[in-house]
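Below is one structure, written out as structure tokens; comments come after it.
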Amino acid sequence: MGPAGAAVRAEGLGLRTRRGWVFRDVTMDVAPGELVAVTGAAGSGRTSLLLAAAGRFVFNRGALAVGGHTLPKASAAVQRLAALGYVAGAHQPEPALTAAEHVRERLDLLGLRRGRRGRREHARALLADSPYDGDPDALGRDLDPYRRQLLCLALARMARPRLIVVDDVDLGLDTAERAVLWGVLRAVADEGVTVLASCRETGGAPVDRTVHATDATKEYA
């Protein structure tokens, strides 16, 4: 039995700066354990919206609650229950670390330390049991977009979060890779974890619902 997913509820959510809107007018009511696609064009603020839902990005319009915690007041609590999958600039593979070394570092961060040899073997075993199907000794800088996604998802799941956010699930992936990645995200949600995943378009992905991010660069008519 996986962890209980976190509900995500937003009403009129937005962020406006002196330069204009980053994202705006986002309303969603996501039930625990749902897989939700966040779609939108470039400039619609999809990445910022995902980070806001994970308690890692500010907003100044509307209301947002995650797992019963109201943001931004309870951002620390939301950060403890939410994890980032691949989000460029926020959670992505370190260029000089291997895939297995990423897992070992995450074990250390989670306080799951073992002896040097035991830690190395445990990390490799965890990676082998994850959807990541690449070389455990491949460096982060050499991973293709598909395996970057799978590695970051494996790292996110190690903390047993109630919410995982994943960005750009269709960027740089071919049709077969997108299908596999969406299938993995579906399986994670079916275990009880709420998943928010951004993409340009779903293309028939097995999502429970879709939230469309308004193009924040355009003014209302």
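The values are calculated or read from the model by the stated rules, or taken from the named source; none is laboratory data. A quick note: this is a predicted structure, and the numbers were derived from the prediction, not measured. Neighbour counts run over all protein chains shown; Cβ positions are idealised from the backbone, glycine included. The protein model used for the area step is the full one, side chains on, heavy atoms only, and it has no ligands, DNA or RNA in it. Shrake-Rupley method; radii C 1.70, N 1.55, O 1.52, S 1.80 Å.
Summary of values
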{"item": "Lone qualifier among Arg162, Arg200, Arg178 - being within 13 Å of the chain's Cα centre (by Cα) and touching a residue at least 24 places away in the same chain (Cβ under 8 Å)", "result": "Arg162"}
{"item": "Residue within region 209-216 that is hydrophobic (A, V, I, L, M, F, W, C), in a helix (DSSP H, G or I), surrounded by 14 or more Cβ atoms within 10 Å (Cβ to Cβ) and touching a residue at least 60 places away in the same chain (Cβ under 8 Å) present", "result": "no"}
{"item": "Hits in region 147-159 - residues which are in a loop (DSSP other than H, G, I, E, B) and either without any contact (Cβ under 8 Å) to a residue 12 or more places away in the chain or open to solvent by less than 50 Å² (accessible area, probe 1.4 Å) (or both)", "result": "Met158"}
{"item": "Considering residues of region 1-56 that are open to solvent by 10 Å² or more (accessible area, probe 1.4 Å), over 20 Å from Val87 (Cα atoms) and hydrophobic (A, V, I, L, M, F, W, C) only, the residue modelled with the lowest pLDDT", "result": "Met1"}
{"item": "Positions within region 24-76 being β-branched (Val, Ile, Thr) and either within 15 Å of the chain's Cα centre (by Cα) or outside any loop (DSSP other than H, G, I, E, B) (or both), in sequence order", "result": "Val26, Thr27, Val30, Val36, Val38, Thr39, Thr47, Val66, Thr70"}
{"item": "Residue in region 164-187 that is open to solvent by 70 Å² or more (accessible area, probe 1.4 Å) and within 15 Å of Val36 (Cβ to Cβ) present", "result": "no"}
{"item": "Criterion: surrounded by fewer than 16 Cβ atoms within 10 Å (Cβ to Cβ) and closer than 25 Å to Asp190 by Cα - qualifying residue of Asp144, Asp133", "result": "Asp133"}
{"item": "Residue ID - nearest to Tyr86 (Cα to Cα), chosen from residues in region 99-132 that are part of a loop (DSSP other than H, G, I, E, B) and modelled with pLDDT under 90", "result": "Leu110"}
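Matching residues to (1) over 16 Å from Leu150 (Cβ atoms); (2) assigned to a strand (DSSP E or B):
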| position | (1), (2) |
| --- | --- |
| Ala176 | no, no |
| Ala187 | no, no |
| Leu196 | yes, yes |
| Glu201 | yes, no |
